[in-house]
Amino acid sequence: MPELPEVEAVRRELAPAMRGARFRRVIVRRAGLRTLFPDRFAARLRGRTVRGLVRRGKYLLADLSSGETLLMHLGMSGSFQVDHPAPGRVSIGVAKDVGDAHDHVVFQMSSGATITFNDPRRFGVMDLVPSAALDQHAALGAMGPEPLSRDFEPQALARVCAGRRAPIKVALLDQRVVAGLGNIYVSEALHLAHLSPRRPASRMARPSGTPRESAVHLVRAIKTTLERAIERQQNPRYRSARFRVYDREGQPCVTTGCDGAIKRITQAGRSTFYCPVCQTG
DNA sequence: ATTGAGACCTGTCGGC
DNA sequence: TGCCGACAGGTCTCAA
């Protein structure tokens, strides 16, 4: 589930348990995670205080008192569970010893919270990097603008898309173009913008380099899509709300006055869902 | 330089 | 019920 809105929801849940708290104990249940844990991962965390927890794209970054940053990525199937001590119960300071087979890392915080990282598919990442060198990190350093920031505007989108022959759907999945979008919300935003996923990315800009109307619409649609999704994350009732197009092959388009049916195609090896009737821009 | 394919892992679901 | 292939919300590396 983790694209930007889901990662942001995780951040908001983790922050109260982590910010200002120390790592009392760190348990790495599964060494040799695909994610190349640095040596002595647990030892380097123990005793450190989390000064802040921010999100960058799909990454969570915990700023540590040691001058390092704990970098976390949920991959395809990662999740965190936060357990707070039951009120009135004395914490005995023992890690929960029975856990899911895919509970890979457990943080016991001085706040009393126990934070468990679970990731069946093990595409997730945990790493420690010097805070001063974050911009040299291969993924973070090259990452595009935060879509909900002012930096993400039509001009910027048109510029990074210039010269790209790949379809806009594929370009938007590239984290260097814009940060945090994944396969679901790219389809969702393109539908909201009434743009075809097959449209060449380069056509966000005119030959002169100035952004076309489509870039304006797309930027707006991406922001709206993500803002709504983040809001939805806040209300458990709506978390499972259906998407506009994602995973709705053959079902009717939700655009007012459109009688199209959602189609599914493959682009760069991944499913794209769109309405061939109203996404013609 | 850009792009697509394959790889990384495990779980789930539909079809036979 | 059991087996098997297709597929899954991410990203990296490699070859063309």
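The values are calculated or read from the model by the stated rules, or taken from the named source; none is laboratory data. Note that the structure is a prediction, hence the values are computed from the model and not measured. Cβ: placed from backbone, ideal geometry, glycine included. Neighbour counts: every protein chain shown.
Brief remarks follow.
- The condition of being more than 12 Å from DNA strand B (Cβ to nearest atom), out of contact with any strand residue (DSSP E or B) (no Cβ under 9 Å at 6 or more places or on another chain) and farther than 15 Å from A:ARG56 by Cα holds for only one of A:ALA138, A:ALA132, A:ALA113, that being A:ALA132.
- The lone criterion from (1) in contact with an Asp or Glu (Cβ under 8 Å, 6 or more places away or on another chain); (2) more than 16 Å from DNA strand B (Cβ to nearest atom); (3) not acidic (Asp, Glu) left unmet by A:LEU60 is number (1).
- Test: residue in the stretch A:172-186 that is under 25 Å from A:CYS253 (Cα atoms), more than 16 Å from DNA strand C (Cβ to nearest atom) and in contact (Cβ under 8 Å) with a residue 40 or more places away in the chain: no
- Top-ranked residue of the stretch A:125-155 - restricted to ones that are without any contact (Cβ under 8 Å) to a residue 12 or more places away in the chain and over 19 Å from the mean Cα position of the chain (by Cα), ranked as farthest from DNA strand C (Cβ to nearest atom): A:ALA133
- The stretch A:187-222: number of residues that are assigned to a helix (DSSP H, G or I), in contact (Cβ under 8 Å) with a residue 24 or more places away in the chain and not basic (Lys, Arg): 17
Every residue, every condition in (1) more than 12 Å from DNA strand B (Cβ to nearest atom); (2) modelled with pLDDT under 95; (3) not small (Gly, Ala, Ser), yes or no:
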{"residue": "A:ARG165", "(1), (2), (3)": "no, yes, yes"}
{"residue": "A:VAL177", "(1), (2), (3)": "no, no, yes"}
{"residue": "A:GLY180", "(1), (2), (3)": "yes, no, no"}
{"residue": "A:VAL186", "(1), (2), (3)": "yes, no, yes"}
{"residue": "A:GLY209", "(1), (2), (3)": "yes, yes, no"}
{"residue": "A:GLU213", "(1), (2), (3)": "yes, no, yes"}
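- Scanning the stretch A:225-257 for residues that are among the hydrophobic types (A, V, I, L, M, F, W, C) and within 15 Å of DNA strand C (Cβ to nearest atom), we see that the one that is surrounded by the most Cβ atoms within 10 Å (Cβ to Cβ) is A:VAL245.
- Every condition in (1) at pLDDT below 90; (2) surrounded by 15 or more Cβ atoms within 10 Å (Cβ to Cβ); (3) within 12 Å of DNA strand B (Cβ to nearest atom) holds for A:LEU172 except the one numbered (1).
- Number of the exception - A:ARG122 against (1) part of a loop (DSSP other than H, G, I, E, B); (2) assigned by TED's automatic domain parsing to the domain that holds A:ARG206; (3) within 11 Å of DNA strand B (Cβ to nearest atom): (2)
- Odd one out for A:GLY260, checked against (1) over 30 Å from A:VAL10 (Cα atoms); (2) modelled with pLDDT of 95 or more; (3) within 13 Å of DNA strand C (Cβ to nearest atom): (3)
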